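**Q** First, the structure itself, so that you have it in front of you.
The values are calculated or read from the model by the stated rules, or taken from the named source; none is laboratory data. Note that the structure is a prediction, hence the values are computed from the model and not measured. Positions of Cβ are backbone-derived with ideal geometry, glycine not excepted, and every protein chain shown enters the neighbour counts. The area values use the complete protein model at the heavy-atom level, side chains included, leaving out ligands, DNA and RNA. Shrake-Rupley method; radii C 1.70, N 1.55, O 1.52, S 1.80 Å.
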Amino acid sequence: DTGSCSGTNQFDSLSQTLGSMTELVSVSVHPTNADIVLAGAQNNGSPRSSSATKSSAFQNALGGNGSFTAINPTVPSEWFASNPYLNIMKCESVTGTGSDCDDNTFLPIVNSSDLGGDAGGYATPFILDPQNTGDMLVGTCRVWQISTNGTAPLQLSNDFDTLGTGLCTGAEIN
């Protein structure tokens, strides 16, 4: 505004208590309460808040290297978080706010052995199926559909890298 280097810093920190170098891989918002948020923060776990619009305080729901997350829009007590290389976990929150989701309550539901031996990349993407939130879509070098309980995997595509059927290593270019 003033053209002077001695003026007040005109930048606001939008990361608040998440840290100055936090890289959010994903953010999931509760379907009926914008205060309830779950994020995947690379190298900083999966932070959550039940007062996101009122407070900058976040607590870690899952440790490790946070990656993709989801809160089931039709069953908001189902929280999903992931860590690198195809480790998708689920917490069934009794409170519905995720305040009871932590390293002890997130249980593994999808890994390489559940998807035909495919390995995922460092941040293996997944989303809940918009047509049926009882299923999720997971991307290795191909697309998979699997239930949110980690059962009934279905391969939906061929290998995008080679157009073949071999196992995904997680190091594919495409």
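**Q** So which residues in segment 78-104 are open to solvent by less than 40 Å² (accessible area, probe 1.4 Å) and part of a strand (DSSP E or B), if there are any at all?
**A** Across segment 78-104, the qualifying residues are Glu78, Trp79, Phe80, Ala81, Ser82, Asn83, Ile88, Met89, Lys90, Cys91.
Let's see how each residue does on (1) basic (Lys, Arg); (2) touching a residue at least 24 places away in the same chain (Cβ under 8 Å); (3) within 17 Å of Gly134 (Cβ to Cβ):
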site	(1), (2), (3)
Gly63	no, yes, no
Thr74	no, yes, yes
Asn83	no, no, no
Cys91	no, yes, yes
Val94	no, no, no
Asp102	no, yes, no
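**Q** Among the residues of segment 18-49, how many are more than 21 Å from Gly96 (Cα to Cα), open to solvent by 70 Å² or more (accessible area, probe 1.4 Å) and modelled with pLDDT of 65 or more?
**A** The qualifying residues number 5.
**Q** Is it the case, given these coordinates, that Thr69 is exposed (fewer than 14 other Cβ atoms within 10 Å of the Cβ) and modelled with pLDDT of 90 or more?
**A** For Thr69, the condition - exposed (fewer than 14 other Cβ atoms within 10 Å of the Cβ) and modelled with pLDDT of 90 or more - is not met.
**Q** Please enumerate the residues belonging to segment 56-66 that are buried (at least 24 other Cβ atoms within 10 Å of the Cβ) and part of a loop (DSSP other than H, G, I, E, B).
**A** Listed by number, the residues that qualify are Phe58, Gly66.
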